[in-house]
Amino acid sequence: MNSIQKIYNYLFALFCASFPFTDLAKAIPNILMGVLGVLFFFLIKKEDFKKLRLKSLNLFVLMIFVGFFSMLIFQRWDDMSFIIRLLTIIVIILISLPVKDLKTPIKTFVISSLSLLIISSFKLILYAKNSSFFDFTLGKHINDLLLGERPYLGMLYVTSACLCWYLASKTSLFSKYLWYIISVIFVGFVFVISARMALISFFIIVFVNLFYHNKRLKMALTLASGIMVLAILLFSFNENIKKRFFISDVNHTVSEKLAFEPRYHIWECAISLEQNTNSILFGKGFKNTEDELVNCYKAKEKFYTEEQQQWFIAKRFNSHNQYLGIYYSMGVIALVGFIGFLYYALYENRKSYYAMSLLLLLSLFFITENLIYRQIGITYIGLSLVFAWFINRENAK
């Protein structure tokens with residue numbers, strides 16, 4: 001392995017390690033991508049591109065092409081930044097091709113996530129110690145304590161736990177237990193911070209595990225039962241989780257509970273947007289869709305308070321659902337390409353539980369978040385795909 005190849009491997013591992021801290025230092029991943037992009041042309045070989053012969057990636061490129069075509073035809077120049085973000089996912093996949101050491105990037109990603117978790121834990125302990133009332137359900141202080149937004153960090157830690165399981169399957173006895181212990185720390189922290197979608201996604205991938213280990217059904221069922229018992233106990237004794245799932249709000253009606261939930265208002269506005277033939281086929285554009293959602297927030301009367309309504313307007317919330325976001329912004333053709341991309345990505349990785357779980361987590365996250373609006377979301381998509389393909393390439397050796 002020549003010196004440039006070694007440097008490239010280390011830089012890509014560093015790029016993966018920088019991701020968990022994206023909200024704190026957004027420039028670092030971009031700088032590393034730029035350096036990797038330059039070195040890419042010194043290392044890439046024709047046979048490396050054979051790794052890209054995937055139906056899933058072709059459909060993703062088709063979706064980007066539809067978005068670019070719509071932008072040109074309908075002169076939606078404000079959408080250029082969104083198309084560039086989608087292209088960033090392709091760039092992340094491309095710069096992963098020359099990487100020869102496939103495990104180190106995964107390890108650095110997990111260790112970096114663990115470092116973020118440890119720092120957050122210290123901040124939480126200090127906050128709980130100095131606060132007379134520890135409420136972890138709502139408030140601006142939560143993102144400051146967690147060093148990022150709860151939904152993204154929740155999925156980051158579940159993803160890291162899944163990668164720990166993969167690393168445990170590839171190491172010796174002592175290291176195996178170490179990775180399993182780290183995975184328990186990740187999952188335990190997700191319960192502590194009460195990240196709802198991350199918790200739901202975690203139970204889904206644990207359930208899917210039963211189908212991959214049916215030859216060891218007794219062990220798999222024991223594991224699943226143990227996790228379910230743990231979940232019931234945590235739900236019983238963790239007030240934050242009960243509040244986050246509206247279990248403890250016995251004094252409020254169903255409609256009042258829904259009024260507290262931001263996505264209830266967002267999705268109600270999203271599904272009410274008017275459509276015509278052009279917008280059904282090619283979408284309204286990202287900027288136009290966002291403007292129409294804001295207009296809906298202004299006219300909506302079901303907000304719990306006027307302050308809550310003004311918060312929605314000021315934040316200009318997107319659809320918080322990637323499937324709805326693609327449909328309204330890019331049209332049904334792009335949506336079919338996007339769903340096809342996810343289907344074939346899952347199908348291509350179906351033989352590996354760990355690779356498939358990463359993509360299943362991504363698909364589930366799309367239900368509650370519009371990831372392409374954020375740098376951290378774009379990078380998460382790119383790395384999820386890269387790690388899934390790394391795992392498959394390792395298994396193929």
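Quick check on my filter: what residues within segment 271-290 are surrounded by fewer than 14 Cβ atoms within 10 Å (Cβ to Cβ) and of a type outside the set (Val, Ile, Thr)? Residues satisfying the conditions are SER272, GLU274, ASN276, ASN278. Counting the residues of segment 46-99 that are without any contact (Cβ under 8 Å) to a residue 24 or more places away in the chain and charged (D, E, K, R) gives 4.
Hey, any hits in segment 135-154 for a residue that's in contact (Cβ under 8 Å) with a residue 24 or more places away in the chain, among the basic types (Lys, Arg) and more than 30 Å from GLN5 (Cα to Cα)? Yes: one or more hits. Taking the conditions (1) modelled with pLDDT of 90 or more; (2) part of a helix (DSSP H, G or I); (3) within 21 Å of the chain's Cα centre (by Cα) in turn, ILE280 satisfies each one other than (3).
Residues in segment 69-89 that are part of a helix (DSSP H, G or I) and surrounded by 16 or more Cβ atoms within 10 Å (Cβ to Cβ): SER70, MET71, ASP79, PHE82, ILE83, ARG85, LEU86, THR88, ILE89. Only one entry in ILE372, ILE391, ILE326 is of a type in the set (A, V, I, L, M), buried (at least 16 other Cβ atoms within 10 Å of the Cβ), in a helix (DSSP H, G or I) and touching a Lys or Arg at 6+ places or on another chain (Cβ under 8 Å), namely ILE372. Look at segment 106-124: where a residue is surrounded by 18 or more Cβ atoms within 10 Å (Cβ to Cβ) and a partner is at pLDDT below 95 and not in a helix (DSSP H, G or I), sitting 6+ places away or on another chain with Cβ atoms under 8 Å, you get LEU116/LEU147; LEU116/GLY148; SER120/LEU147.
State whether one or more residues within segment 126-135 are out of contact with any strand residue (DSSP E or B) (no Cβ under 8 Å at 6 or more places or on another chain) and crowded, with 20+ Cβ neighbours inside 10 Å. Within segment 126-135, not a single residue is out of contact with any strand residue (DSSP E or B) (no Cβ under 8 Å at 6 or more places or on another chain) and crowded, with 20+ Cβ neighbours inside 10 Å. The single condition among (1) aliphatic (A, V, I, L, M); (2) crowded, with 17+ Cβ neighbours inside 10 Å; (3) under 30 Å from ASP48 (Cβ atoms) that ALA161 does not meet is (3).
The residues in segment 61-90 that are within 18 Å of the chain's Cα centre (by Cα) and of a type outside the set (Ser, Thr, Tyr) can be counted, and the count is 6. Looking only at residues in segment 164-208 that are surrounded by fewer than 17 Cβ atoms within 10 Å (Cβ to Cβ) and within 14 Å of LEU360 (Cα to Cα), the one that is modelled with the lowest pLDDT is PHE207.
The values are calculated or read from the model by the stated rules, or taken from the named source; none is laboratory data. What you see is a predicted model, and the numbers here were worked out from it, not measured in a lab. Here the Cβ is made from the backbone with ideal geometry for all residues, glycine too, and neighbour counts use every protein chain on show.
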